[in-house]
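First the structure, in the form of structure tokens, and then the observations on it.
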Amino acid sequence: MDAITGDTKKIGIGLTAAGLLFTLLGVVLFFDSALLAVGNLLFLAGVFLILGMERTKNFFFQKSKLRGTAFFFIGIAMVMFKWAKLGFAVELFGFMNLFGNFVPHVILVARHTPGVSKVMELPGIKQACDYLSKGGESKKANAAV
């Protein structure tokens with residue numbers, strides 16, 4: 001039973017990565033609706049396989065995350081109906097509301113990854129990562145002084 005769960009999570013990680021790749025290609029190719037739609041479907045399937053049915057439902061339908069969930073799924077629907085640019089913007093807003101608290105963890109892992117850590121130290125990227133990992137506290141701290 002445990003091997004099945006492990007394999008399911010591996011497939012889920014692969015589907016999530018493929019979904020992000022298709023989404024990136026859709027954006028690079030001037031918001032191609034088909035690539036964005038496939039990316040969305042693969043991403044959602046991957047998240048479902050990684051978390052499972054109950055945890056996925058609990059994640060998306062927490063009271064504090066309902067606004068993000070609504071915007072995310074409305075954005076996906078807009079992309080499916082060929083409103084790629086507006087749909088992607090709405091979806092991105094929902095994505096940041098849903099997954100925004102994971103950004104500091106991703107930045108921390110990237111800073112300790114060989115090769116990527118050099119890129120994270122570049123002047124503009126370093127300031128952006130510092131701002132995102134603190135949740136925008138640098139502006140608040142300066143305002144209080």
Exercise for the section: Please work out if LYS9 is touching a residue at least 40 places away in the same chain (Cβ under 8 Å), open to solvent by 40 Å² or more (accessible area, probe 1.4 Å), of a type in the set (Lys, Arg) and not in a helix (DSSP H, G or I). Expected result: no
Fill in the blank from the handout: Taking the range 1-58 and the residues there that are aromatic (Phe, Trp, Tyr) and within 17 Å of GLY75 (Cβ to Cβ), the one that is farthest from the chain's Cα centre (by Cα) would be PHE31
Practice task
Would you check if LEU41 is open to solvent by 90 Å² or more (accessible area, probe 1.4 Å), in a helix (DSSP H, G or I), at pLDDT 95 or above and not hydroxyl-bearing (Ser, Thr, Tyr)?
Solution key: yes
Practice task
Please tell me if GLY19 is touching a residue at least 24 places away in the same chain (Cβ under 8 Å), in contact with a Gly (Cβ under 8 Å, 6 or more places away or on another chain) and open to solvent by less than 20 Å² (accessible area, probe 1.4 Å).
Solution key: yes
Problem - Selection count, the range 45-103, where residues are part of a loop (DSSP other than H, G, I, E, B) and either open to solvent by less than 60 Å² (accessible area, probe 1.4 Å) or touching a helix residue (DSSP H, G or I) at 6+ places or on another chain (Cβ under 6 Å) (or both) - result: 2
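The values are calculated or read from the model by the stated rules, or taken from the named source; none is laboratory data. Computed from a predicted structure; not experimentally measured. A quick note on method: Cβ atoms are made from the backbone with ideal geometry, for glycine too, and the neighbour counts reach across all protein chains shown. Each accessible area value is taken on the protein alone, full model and side chains, heavy atoms only, with ligands, DNA and RNA left out. Shrake-Rupley method; radii C 1.70, N 1.55, O 1.52, S 1.80 Å.
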